[in-house]
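Peer 1: Please read through the structure below; I'll follow up with questions.
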Amino acid sequence: MWDYTDKVKELYMHPKNVGKIDDANAVAEVGSIVCGDALKLYLKIDEKGVIRDAKFETFGCGSAIASSSALTEMIIGTTVEEAGKITNKDIARYLGGLPEEKMHCSVMGNEALEKAIAMWRGETTGDHVDIEGEIICHCFGVTENLIRKAIRDNNLKTVEDVTNYTKAGGACGSCIPKIEDILHEMAGLVREAEAGRSGEKQLTNIKRMKLVQETIGNVIKPMLQNDGGDIELVDIDGKNVFVALRGSCVSCLAAGVTLKNLVEAKLREFVEEDIVVYEAK
């Protein structure tokens, strides 16, 4: 038997904010009843971007009910920007922890929140790449982008970890080789970045270009696409990287912050600590 915290038991037995909001201006559905877990999240957001009310309907286990209830309690009264920073780890922490085998319930809540916020911002479902994308696990409808996000956000190392957090690989098992490939690829990217930072050997221009391309494609691009934006690598001149922001990032007033705090920060994390990013004009 799994060991549940008192908070999980409380919100399972006496869930808060259950039901629908008839005049909700942000609604998101994730999961599938066929797959055993489904969540529908309703948000009422005012003109200042404050979440005034949140309710949910769910089909699933006690952990799914508790996670959904916890999520609504966490976001009511917050701004959309504040709510957008909530991760599945925050949901699990609010509950005092979840069994590893039930972490996918907190991930589902995080998915629904991201999708609802994207809807409120006027982004199409297709922009929300962490939910859309190539399906890797057909039994549970889990996409490659969602698997990559779960690995990145939760530092997952094994197929079992991925199954616990996304359910992928938990049925017929035919997708396990693909999950292993994704794990190996992302682990290799981290190892190469660590080797580049060790100072034992300077990166060659070719190696640096390869790492920059992989980091932008596998790490940065999915994060920007999650908010309706995108990025294009324009040029690399030594340690100077020139990029062009696309999608919603083009009109965003915080584009400069995105370049420094996300793009440059991730390239410095995965490639070299003194890389400088410039916006191509």
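Peer 1: Classify the stretch 53-176 as rounded, prolate or oblate, taking a ≥ b ≥ c as the square roots of the eigenvalues of its Cα gyration tensor: rounded when a/c is under 1.5, otherwise prolate if a/b is larger than b/c and oblate if not.
Peer 2: Oblate is the answer for the stretch 53-176, as a/c is 1.5 or above yet b/c matches or exceeds a/b.
Peer 1: Hey, what number do you get for the chain at 222 nm if only DSSP H runs of n ≥ 4 count, each worth -39500 (n - 2.57), divided across all residues, to the nearest 500?
Peer 2: After summing the helix terms and dividing by the residues of the chain, the value is -12500 deg cm²/dmol.
Peer 1: Under a point spin-label approximation (7 Å from Cα along Cα-to-Cβ), what is the C61-K157 distance to one decimal in nm?
Peer 2: 2.3
Peer 1: Further question: Which percentage, to the nearest 5, of the DSSP beta bridges contained in the stretch 202-279 is antiparallel?
Peer 2: So the antiparallel bridges in the stretch 202-279 amount to around 65 percent.
Peer 1: Please tell me which of these pairs span more than 19 angstrom C-alpha to C-alpha: K157/K207; K55/K115; K9/K157; K44/K115; K20/K115; K85/K149?
Peer 2: K157/K207; K9/K157
Peer 1: Using a Cα-Cα cut-off of under 20 Å, which aspartates and glutamates could be cross-linked to K239, ignoring same-chain neighbours fewer than 8 residues away?
Peer 2: K239 reaches E192, E194, E200, E214, E264, E269, E272, E273, D274, E279.
Peer 1: Oh, and also: Please compute the net charge surrounding E57, taking Lys and Arg as +1 and Asp and Glu as -1 over other residues with Cβ under 12 Å from its Cβ.
Peer 2: Its environment carries a net charge of +2.
Peer 1: Out of every Cα pair in the stretch 197-281, what percent are spaced more than 18 Å from each other?
Peer 2: 36
Peer 1: Among S251, S106, S63, determine the one that fluctuates most according to a GNM of the chain built with springs between C-alpha atoms less than 10 Å apart.
Peer 2: S251
Peer 1: Just report the Cα centroid separation between the stretch 71-110 and the stretch 251-281, whole Å.
Peer 2: So the two Cα centres are separated by 28 Å.
Peer 1: Suppose every K and R has +1 on its Cβ and every D and E has -1 on its Cβ; what is the size of the dipole of the stretch 6-125 about the Cα centre, in Debye to the nearest 20?
Peer 2: 140
Peer 1: Right, next: What's the longest piece of the chain with no exposed GluC sites (Glu not before Pro), counting a site as exposed if DSSP puts it in a loop and it has at most 13 other beta carbons within 10 Å?
Peer 2: 48-133
Peer 1: With each label point set 7 Å from Cα along the Cα-Cβ vector, what nm distance links A280 and H184?
Peer 2: 3.2
Peer 1: Checking the cross-link filter: which aspartates and glutamates have an alpha carbon closer than 12 Å to that of K178, excluding same-chain neighbours under 8 positions apart?
Peer 2: Within reach: E134, E144.
No lab work stands behind these numbers, since they all come straight from the coordinates. Predicted, not measured: the structure shown is a model, and the values here were computed from it. Backbone-built Cβ (ideal geometry, glycine too); neighbour counts: all protein chains shown.
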